[in-house]
Amino acid sequence: MASVRRRRLRRIRILLPLLAAVFLAASTTAGATTTSAAVVEVPYFGTNPGNLRMFQYVPDGLAEGRPVVVALHGCTQNATGYGSAAGWIELADMWRFSVVLPEQRSTNNANNCFNWFASSDTTRGKGEVVSVISMLDHTLAATRGDASRVYVTGLSAGGGMTSALLATYPDRFVGGGVVAGLPYRCASALYEAYTCMYVGKNLSPSAWGDLVRAASSHEGPWPTVSIWHGTADSTVSVANQRELVEQWTNVHGTDATADHTDTVGGHPRAVYEDTEGRPVVQTVTLTGMGHGQPVDPGTGEGQCGRAAPYLLDVDVCAAWHLGRWWGLD
């Protein structure tokens, strides 16, 4: 019996190194094949009359029924850079939602601006707005996302296109965030764009509201709108913020007088409520900030994004506050 036990022990001592080697090899192989989520291009996503590119970010292990955010870059930017630097990618991981990142082509616009000023791209059923809706539909289907929790935001020309999407497809979005952008139909052709950008167009609230109401057959409910702008913006006049307030408060059937005021990171915030007391429009006015998206790099509460051209470190992350406004947290 003793000799049998000794033979068994010898076999175990021989096999242990072999088993350890197999386990190590398996672990190494598993580690090599494990990948984290990344921003990826989706070459084929459906109808694309605007000839845009689609990128998307879906966090690893995202459950069904989660929200979707559409984030539109500004001029000279690209989808991946804007989505990452503005903070939307890190927030998607934190709060568990997917991100649609449309990208303009230089063949459509030499400065990679979305064509917010072109009626051929900002009319329901036409051009770039249709392309973005196709991207949204593709992501909703692929992730089995919640179509009742879809939001859109953008910077500068992306902000102008955000206005266009909210106006032409108000039935598809619960909320929007316009950063350094312009009202819907401030311009309908390129020659009008510069007046809107540098000076602003002064229409009555009802005239602004009529432009949105004429953009679709939708009769409500309407998406809420958060409007961010720097007071020192020399590219898109801060006057556009006021016109956006007049446009969307009128659409919501209320006036352009703020019901509540406070501050966000020391910058003035105004909230406009509808007749039922529901917040429907808000503004955050970044004192002294130029043209760009507010970010606040770091890992603390309320921080996100990183500084880059037209992504300005002003100790306030617009994406984080927009996400809170929409209830994504």
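The values are calculated or read from the model by the stated rules, or taken from the named source; none is laboratory data. Values in this document were obtained by computation on a predicted structure and should not be read as measured data. Neighbour counts run over all protein chains shown; Cβ positions are idealised from the backbone, glycine included.
Below is a table of values for the structure above.
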| quantity | calculated |
| --- | --- |
| Which listed residue, of GLU273, GLU246, is acidic (Asp, Glu), within 24 Å of the chain's Cα centre (by Cα) and either closer than 20 Å to THR162 by Cα or not assigned by TED's automatic domain parsing to the domain that holds VAL179 (or both) | GLU246 |
| Members of the range 254-264 found to be buried (at least 17 other Cβ atoms within 10 Å of the Cβ) and under 24 Å from GLY302 (Cα atoms), listed by number | VAL264 |
| Helices (runs of 4 or more DSSP H) wholly inside the range 75-194 containing at least 3 residues that are more than 13 Å from the chain's Cα centre (by Cα), surrounded by fewer than 22 Cβ atoms within 10 Å (Cβ to Cβ) and in the same structural domain as ALA239 (by TED's automatic domain parsing) | 88-95, 127-143 |
| So ALA215, is it part of a helix (DSSP H, G or I) and either over 23 Å from the mean Cα position of the chain (by Cα) or in contact (Cβ under 8 Å) with a residue 60 or more places away in the chain (or both) | no |
| Complete set of residues in the range 255-311 that are assigned to a strand (DSSP E or B), charged (D, E, K, R) and closer than 19 Å to THR224 by Cα | ASP262, ARG269, GLU273 |
| Every residue from the range 31-86 that is without any contact (Cβ under 8 Å) to a residue 40 or more places away in the chain and among the β-branched types (Val, Ile, Thr) | THR33, THR34, THR35, VAL40 |
| Residue count for the range 195-207, restricted to those that are crowded, with 17+ Cβ neighbours inside 10 Å and either in contact (Cβ under 8 Å) with a residue 60 or more places away in the chain or in contact with a Ser or Thr (Cβ under 9 Å, 6 or more places away or on another chain) (or both) | 5 |
| Every residue from the range 42-67 that is touching a strand residue (DSSP E or B) at 6+ places or on another chain (Cβ under 8 Å), farther than 23 Å from THR299 by Cα and aliphatic (A, V, I, L, M) | VAL42, LEU52, MET54 |
| Filtered residues of the range 274-303 (kept if at positive phi and either among the basic types (Lys, Arg) or touching a residue at least 60 places away in the same chain (Cβ under 8 Å) (or both)) | GLY292 |
| Among residues of the range 160-195, those that are farther than 17 Å from TRP222 by Cβ and out of contact with any helix residue (DSSP H, G or I) (no Cβ under 9 Å at 6 or more places or on another chain), counted | 7 |
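Residue-by-condition table, conditions (1) in contact with a Pro (Cβ under 8 Å, 6 or more places away or on another chain); (2) of a type in the set (Val, Ile, Thr):
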{"site": "PRO223", "(1), (2)": "yes, no"}
{"site": "SER234", "(1), (2)": "no, no"}
{"site": "VAL238", "(1), (2)": "no, yes"}
{"site": "GLU301", "(1), (2)": "no, no"}
